[in-house]
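Asks: There's a structure below that I have some questions on.
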Amino acid sequence: MYLSTLAELALGSRLKALSDQFYAAADEVYRACGASIESRWFPVLRYLWGNGPGTVGEVAAAIGQTHSAVSQLVDKLDAAGMVRRERDPQDGRRSVLVLTDQARKALGALGPIWQAIRRGVSASLGEDGGRLLAALAACEEALKERPIVPAILAEHAALLAQPLEIVPYEPALAGDFYRLNVQWLERYFRVEDIDRQMLGDPERYVLAPGGALLFARMGGQAIGTCALLQEAPGVYELSKMCVDDSYQGLGVGRKLLDAAIAEFHRRGGRELFLESNSKLRTALRMYEQVGFELQPGVRPGSHYQRSDVYMVYRAPAERLAG
């Protein structure tokens, strides 16, 4: 399932999908058993049935929903003849929610259905069901003690405060070169044989022929990389440029690109080119911004099946002269 691969990023979406599935199942059961309620009514009706009349605010706090959501649900329950609003006999300035006789009759007949739901959920989910309920209770308690929004914002601030550094290759980074590139290739294309060869031994296929490897590092973790491949004396290819998905939007790619161009100039290079794909529009715009110019057709003798874009770098002085 795709959402499961996103882990914490898709927690809300996965819980929403599960919630919709359980609601739909309960509604189907209610209809099959001839019950005259809907699953989304259950929290409000069950609370009023067990605790007596209460305000919208009291109900919302008890069932963990917003005041607005409960108020809208009460409007539907009122229209269905299940709940009515009455003046609080102890405080005439506020209204309380009261179950109607129709609701009490409907709820009174649901005992066997609720028992069947408990047993059916247990039979379907097995021990995982018990663990899920325990995990939900622990999650609810944790959110009370440590609200999630301040925690996320604190982590975001800490992330942005970390310095970004561009560093050259060292043997300890070989695994990161492989990891970052495979992650990127599998997301957009596929890993070709030429990729596996170079990624598996960058010292042999990048450094030994006179190339260079650069890494973007944040908080001691490699989050991006790129390679300068020397094709001939003074002729280099910008290749294997990628940034960890979790760090997109921080300008990491541009800093890597600027560092690679600076290294090209430091080496006295006379030609710098790259091959890419037309669907990578954001990357292509970035290449154009620093001076890469689109060439007609693909590069003769291209090594990559995925390449349909060929670009050549022109330094600022060359562009002005042209």
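Asks: Among (1) in contact with a Phe, Trp or Tyr (Cβ under 8 Å, 6 or more places away or on another chain); (2) touching a residue at least 40 places away in the same chain (Cβ under 8 Å), there is one condition Trp41 misses while meeting the rest; what is its number?
Replies: Among (1) in contact with a Phe, Trp or Tyr (Cβ under 8 Å, 6 or more places away or on another chain); (2) touching a residue at least 40 places away in the same chain (Cβ under 8 Å), the lone unmet condition for Trp41 is (1).
Asks: Given the criteria in contact with an Asp or Glu (Cβ under 6 Å, 6 or more places away or on another chain) and assigned by TED's automatic domain parsing to the domain that holds Tyr169, does Val243 qualify? Give the derivation first.
Replies: On the way: in contact with an Asp or Glu (Cβ under 6 Å, 6 or more places away or on another chain): no; assigned by TED's automatic domain parsing to the domain that holds Tyr169: yes.
When the stated conditions are applied, Val243 does not pass them.
Asks: Taking Ala134, is it part of a helix (DSSP H, G or I), at pLDDT below 90 and small (Gly, Ala, Ser)? Walk me through how you get there before you give the answer.
Replies: Working: part of a helix (DSSP H, G or I): yes; at pLDDT below 90: yes; small (Gly, Ala, Ser): yes.
When the stated conditions are applied, Ala134 passes them.
Asks: Among strands (runs of 3 or more DSSP E) lying entirely in the stretch 167-265, which contain 3 or more residues that are within 18 Å of Thr282 (Cα to Cα) and modelled with pLDDT under 90?
Replies: Result: 235-243.
Asks: Output the number of the condition that Glu140 fails; it satisfies all remaining conditions of (1) touching a helix residue (DSSP H, G or I) at 6+ places or on another chain (Cβ under 8 Å); (2) in a helix (DSSP H, G or I).
Replies: With respect to (1) touching a helix residue (DSSP H, G or I) at 6+ places or on another chain (Cβ under 8 Å); (2) in a helix (DSSP H, G or I), Glu140 is out only on (1).
Asks: Do you know which of the residues in the stretch 70-103 that are among the polar types (S, T, N, Q) and part of a helix (DSSP H, G or I) is surrounded by the most Cβ atoms within 10 Å (Cβ to Cβ)? Walk me through it before giving the result.
Replies: First pass over the stretch 70-103, keeping only residues among the polar types (S, T, N, Q): 71-72, 90, 95, 100, 102.
Checking the rest, the ones that are also part of a helix (DSSP H, G or I) come to 71-72, 102.
Working: Ser71: 15, Gln72: 12, Gln102: 13.
Looking at residues that are among the polar types (S, T, N, Q) and part of a helix (DSSP H, G or I), I get Ser71.
Asks: Additional query: With respect to Gly52, is the statement that it is in contact with a helix residue (DSSP H, G or I) (Cβ under 8 Å, 6 or more places away or on another chain) and not acidic (Asp, Glu) true?
Replies: Details: in contact with a helix residue (DSSP H, G or I) (Cβ under 8 Å, 6 or more places away or on another chain): no; not acidic (Asp, Glu): yes.
No.
Asks: Going by what's in this entry, would Gly301 be described as without any contact (Cβ under 8 Å) to a residue 24 or more places away in the chain, assigned by TED's automatic domain parsing to the domain that holds Arg204 and more than 28 Å from the chain's Cα centre (by Cα)? Full working, then the answer.
Replies: Values: without any contact (Cβ under 8 Å) to a residue 24 or more places away in the chain: yes; assigned by TED's automatic domain parsing to the domain that holds Arg204: yes; more than 28 Å from the chain's Cα centre (by Cα): yes.
Against the criterion (without any contact (Cβ under 8 Å) to a residue 24 or more places away in the chain, assigned by TED's automatic domain parsing to the domain that holds Arg204 and more than 28 Å from the chain's Cα centre (by Cα)), Gly301 qualifies.
Asks: Provide a single number: the residues in the stretch 98-125 that are in contact with a Phe, Trp or Tyr (Cβ under 9 Å, 6 or more places away or on another chain), touching a residue at least 40 places away in the same chain (Cβ under 8 Å) and of a type in the set (A, V, I, L, M).
Replies: Of the residues in that region, 5 qualify.
The values are calculated or read from the model by the stated rules, or taken from the named source; none is laboratory data. Since we're looking at a predicted model, the values are computed, not measured. Every residue, glycine among them, receives a Cβ derived from its backbone with ideal geometry; neighbour counts consider all protein chains shown.
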